[in-house]
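The values are calculated or read from the model by the stated rules, or taken from the named source; none is laboratory data. Please read all numbers here as calculations on a predicted model, not as lab measurements. Methodologically, a virtual Cβ is constructed for each residue, glycine included, from the backbone with ideal geometry; neighbour enumeration extends over all protein chains shown. Surface areas here come from the heavy atoms of the whole protein model, side chains and all, with no ligands, DNA or RNA. Shrake-Rupley method; radii C 1.70, N 1.55, O 1.52, S 1.80 Å.
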Amino acid sequence: MRVLFITSTRLGDAVLTTGLLGHLVDQMPDARFTIACGPIAAPLFRAVPRLDEIIAMPKRRLAGHWLDLWLQVAGRRWDWVVDLRDSAVSRLVLASRRATFRGGDDRQPKVVSLGRVLGLEPPPNPRLFLNDAIRAEARVLLGPDDGAPILALGPAANWTGKEWPADRFAALALRMVADPLAAGPHPARVMVLAAEAERPRCAPVLDALGAALGAGRVIDLVGRTDPLLAGACLERARLFVGNDSGLMHVAAAAGTPTLGLFGPTPSHLYAPWGARARAVVAPAGAPGASPEARMAALSLGQVADAATELLALGTVH
């Protein structure tokens with residue numbers, strides 16, 4: 001049995017579809033999977049069970065990437081095509097069954113709308129397809145687990161209008177590692193994750209934490225992971241706090257208590273999903289205020305209080 005799973009270009013949107021993919025993996029034990037997605041999201045699927053192929057689709061002019069995909073899949077017969085992009089490709093290939101996402105209800109979370117593509121209510125939680133080899137890669141980056149709590153931060157996003165100020169991230173981390181993450185025989189560490197291109201925006205956080213805590217308590221993973229390896233590292237974290245980003249959704253899918261920081265983007269659609277995931281939303285701000293100003297209006301105290309409450313729920317690991 002062969003399944004073609006067409007998912008998103010953006011990392012965060014792709015993570016939100018992994019619950020559906022996981023459902024198919026679990027319910028179709030004889031199926032082989034081909035996954036089409038954007039290049040940034042492609043590593044997320046590298047350890048999917050019974051994977052035949054990942055087709056990464058770099059965006060091309062005049063929607064040429066869809067033609068490329070059709071040329072790669074049209075010569076095969078598919079038992080099931082799940083198309084979460086509502087593309088013409090899924091209608092132009094031979095398939096016994098098709099399921100297509102034709103747009104969600106903007107009044108409810110995107111995960112709920114995606115679940116209805118396969119008639120799943122409640123929807124399956126997004127998940128990461130981690131294995132021992134990937135977790136071993138994470139141990140190389142993080143070192144052996146000595147029980148020291150790790151606070152993970154995601155200070156960057158794909159747009160500066162979604163970013164909480166860097167100095168607040170540093171101040172939050174120092175507050176959290178002093179209390180409530182100070183209990184135990186080993187001092188807490190802080191892990192900072194982002195893409196290498198985002199390093200300039202993470203540098204103030206890393207510099208401030210290094211000066212205050214010492215280099216040994218700061219784990220700089222900027223530019224050192226792909227999305228799946230980031231998820232394996234985040235499994236070790238006691239808490240993740242980050243902007244609305246693909247990394248935020250990776251953290252929630254990893255089962256890490258996740259606090260997402262929102263301002264100009266719709267939290268009711270894209271808040272991190274899970275029993276131990278929460279969103280903090282910046283105040284609306286004055287008419288005409290920039291997105292950056294709105295994010296700056298989100299106070300350190302508000303985020304720290306929400307993070308402390310989330311920690312009190314415990315972890316899922």
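Taking amide hydrogens as modeled 1.01 Å from N in the peptide plane, which residues meet the under 5 Å criterion relative to Ile219, leaving out close sequence neighbours? Correct list: Val190, Met191, Val192. Binning all Cα-Cα separations of the chain at 10 Å, short to long from zero, yields these whole-percent fractions: 6, 27, 33, 22, 10, 2, 0. Of the residues Arg139, Arg294, Arg97, the one that moves most in a GNM of the chain with alpha-carbon contacts below 10 Å is Arg97. Between Ala182 and Arg139, what FRET efficiency follows from the Cβ-Cβ distance if R0 is 30 Å, with the result rounded to 0.05? The formula returns an efficiency of 0.80 here. Taking Cα centre as origin and charging only the Cβ of basic (Lys, Arg, +1) and acidic (Asp, Glu, -1) residues, the dipole magnitude of the chain rounds to 740 debye. With each label modelled as a point 7 angstrom along the Cα→C-beta vector, the Arg107-Gln72 pair spans 3.9 nm.
State log₁₀ I(q)/I(0) for segment 1-45 at q = 0.21, 0.32 Å⁻¹ as given by the Debye formula over alpha-carbon point scatterers of equal weight, solvent excluded. Log-scaled intensity ratios, in q order: -0.65, -1.18. Working note: Karplus 6.51/-1.76/1.60 with θ = phi - 60° gives segment 259-271 the couplings 10, x, 9, 10, x, x, 9, x, 5, 5, 8, 10, 4 Hz, where Gly and Pro are set to x. About its Cα centre, segment 59-170 has a charge dipole of approximately 680 debye under the convention of +1 per Lys or Arg Cβ and -1 per Asp or Glu Cβ, with nothing else charged. For segment 241-294, the solvent-accessible area with a 1.4 angstrom probe is 34 square angstrom per residue. Segment 165-220 has equivalent-ellipsoid semi-axes of 21, 12, 9 Å, by the square roots of 5 times the alpha carbon gyration tensor eigenvalues, sorted largest first.
One chain, two ends: Arg32 and Asp79. Fully extended at 0.36 nm per residue, the span grows by 15.9 nm beyond their Cα-Cα distance.
Put simply, the amide H of Ala157, placed in the peptide plane, has no neighbours under 5 Å, leaving out anything fewer than 5 places away on its chain. The label-point distance for Leu94 and Ala286, in a model that sets each label 7 Å from Cα toward Cβ, rounds to 6.6 nm.
Under 1.5 on a/c is rounded, so check that first for segment 118-170, then, if it is not, pick prolate when a/b is larger than b/c and oblate when it is not; a ≥ b ≥ c are the square roots of the alpha carbon gyration tensor eigenvalues. Here segment 118-170 falls in the oblate category. When the charge dipole of the chain is built from unit charges on Cβ atoms (+1 for Lys and Arg, -1 for Asp and Glu) and taken about the Cα centre, the candidate among Ala194, Ala88, Ala237 whose Cα reaches farthest toward its positive end is Ala88. Stokes-Einstein diffusion for segment 181-317 at 20 °C, viscosity 1.002 mPa s, with a Kirkwood radius from C-alpha pairs, works out to 135 µm²/s.
At q = 0.31 Å⁻¹ the log10 of I(q)/I(0) for segment 241-287 amounts to -1.15, computed by Debye summation with a single uniform scatterer per C-alpha, solvent ignored. About its Cα centre, segment 90-248 has a charge dipole of approximately 620 debye under the convention of +1 per Lys or Arg Cβ and -1 per Asp or Glu Cβ, with nothing else charged.
Simple rule: put +1 on each Lys or Arg Cβ and -1 on each Asp or Glu Cβ in segment 21-108, find the dipole, and look at Phe101, Gly64, Leu24; the Cα lying farthest toward the positive end is Gly64.
Amide H to amide H distances under 5 Å link Ile55 with Ile35, Ala36, Cys37, where only residues 5 or more positions off or on other chains count and H is placed in the peptide plane.
Summary of the geometry: segment 239-317 and segment 138-184, compared by the centres of their Cα atoms, lie 13 Å apart. Quantify, in whole percent, the carbon and sulfur part of the accessible surface of the chain (1.4 Å probe; protein heavy atoms only). Carbon-and-sulfur percentage of accessible area, whole number: 53. In segment 1-155, inverting the average of 1/r over every pair of distinct C-alpha atoms gives 16.8 Å as the Kirkwood radius. What the phi angles of segment 278-289 give under the Karplus curve with 6.51, -1.76 and 1.60, with θ = phi - 60°, is a coupling list of 9, 10, 10, 10, 5, x, 4, x, 6, x, x, 5 Hz, glycine and proline written as x.
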